[in-house]
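Novice: Next up is a structure, given as structure tokens.
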Amino acid sequence: MKKARGSALIIAFMLVAAVGGTVLLIGRLFLMDQASSEIYEDSVVAYYSAESGIEEALLRYRYDKDIEMPKTLGVFDATRVARSNMQSSLPAGPTERYTNRNSILDADPDDDQRFDLTMQNLGSFYGVDADKSGTFDKRDVAHPNYISNNDFIIPKDEAIKINVQETIKHNKDLNIYAKVIPESSLTDQSFIEVRITGKDVGGMQVERKLALYFNSISPIVCPVASDCIKMDPPPSVSIPVFGKNSIKTALVTSGVDFNTSENVVLSIKPINVTIAIGMEPSGTSTQKIAMPYTDVKSTGYFAGYSRTLSAKIDRQSGTVYDLFDYVIYDKK
């Protein structure tokens, strides 16, 4: 009987230990699940904060196609962000109202819901550094990877429009490069129509037009001989790219003074030919030119978590491309 009672006690202890261990395990799993749920919920709030920034950018783009933010002294400032606390409007001007990109949110970020927004559309050149040389010239337009980038291809008889307000404002010139696609499609009737429009300081609409032709004879008769300009031939077989420097000088005649507080639009239309196009402002490397798209980046914050969304807005059509959510559960 004593042995039986002793065995029953041991069995009882084992059962209690087993039940207790099971309870502890279930409790731990429950706590882990709760923590995971909190992480997910907080991250979702951070995601919607970032999404609010994208919506803010689209709204601002609707009313100002050339918007960039933040800016310092009229120039895009990569060291700062436009920060919103989701309750008040974003800053709209003075440098001091923007926030240093690396500044902390709050001493206690657990209840801090915000987004940081940047919008940029100006670049050092109109094109892609396809050969990764750190500069842009005809060799980039000739590179096989350049043609694969549809942002810089203009189909036959279609036009693109580029805001060259900054170029005119700083009295800089433009160099243009064009590659015929395919090369065999070039005919005696092929040329590029280049047009610049804007308002002069008196508020009058001003327009100037040129024809850039490829072969030795212009396919059209220009009212003024200087309105038809032969492009420089390709420098070599390996670089089959036509070019012409100082396009702005040729377009903007003496006595025409554009009002650079308003948009000055450059239109490029290839006639009877499809081209890959590239342009660069001459002079200092700090000079900027409008790109085919506006880059938007919005980072949302909540409870120490951040989610980042990026998008591209096609400046010709207004279509939003490449909406990426590329930071997940990033607690800082």
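The values are calculated or read from the model by the stated rules, or taken from the named source; none is laboratory data. The structure displayed is predicted, hence computed values, not measured ones. Every residue, glycine as well, gets a Cβ built from its backbone with ideal geometry; the counts of neighbours run over all protein chains shown.
Novice: Please find, within segment 132-161, the residue that is modelled with the highest pLDDT out of those that are of a type outside the set (K, R), within 26 Å of K297 (Cα to Cα) and assigned to a loop (DSSP other than H, G, I, E, B).
Specialist: F136
Novice: Suppose we keep only residues that are at pLDDT below 90 and either in a strand (DSSP E or B) or under 31 Å from the mean Cα position of the chain (by Cα) (or both) within segment 176-194. Which one would you say is farthest from S236 (Cα to Cα)?
Specialist: P182
Novice: Looking at segment 216-230, I want the residues that are assigned by TED's automatic domain parsing to the domain that holds F242 and have a partner that is acidic (D, E) with Cβ atoms under 9 Å, at least 6 apart or on another chain. Which pairs are those?
Specialist: I217/D188; P219/D188
Novice: Would you check which residues across segment 136-152 are touching a Phe, Trp or Tyr at 6+ places or on another chain (Cβ under 9 Å) and surrounded by fewer than 21 Cβ atoms within 10 Å (Cβ to Cβ) and list them?
Specialist: Across segment 136-152, the qualifying residues are D137, D151.
Novice: Can you say whether V273 is within 26 Å of the chain's Cα centre (by Cα) and either buried (at least 18 other Cβ atoms within 10 Å of the Cβ) or at pLDDT 85 or above (or both), as far as the supplied structure shows?
Specialist: Judged against the criteria, V273 is not a match.
Novice: Here's a follow-up. Would a scan of segment 317-328 turn up a residue that is crowded, with 16+ Cβ neighbours inside 10 Å and modelled with pLDDT under 85?
Specialist: The answer is yes; a qualifying residue exists.
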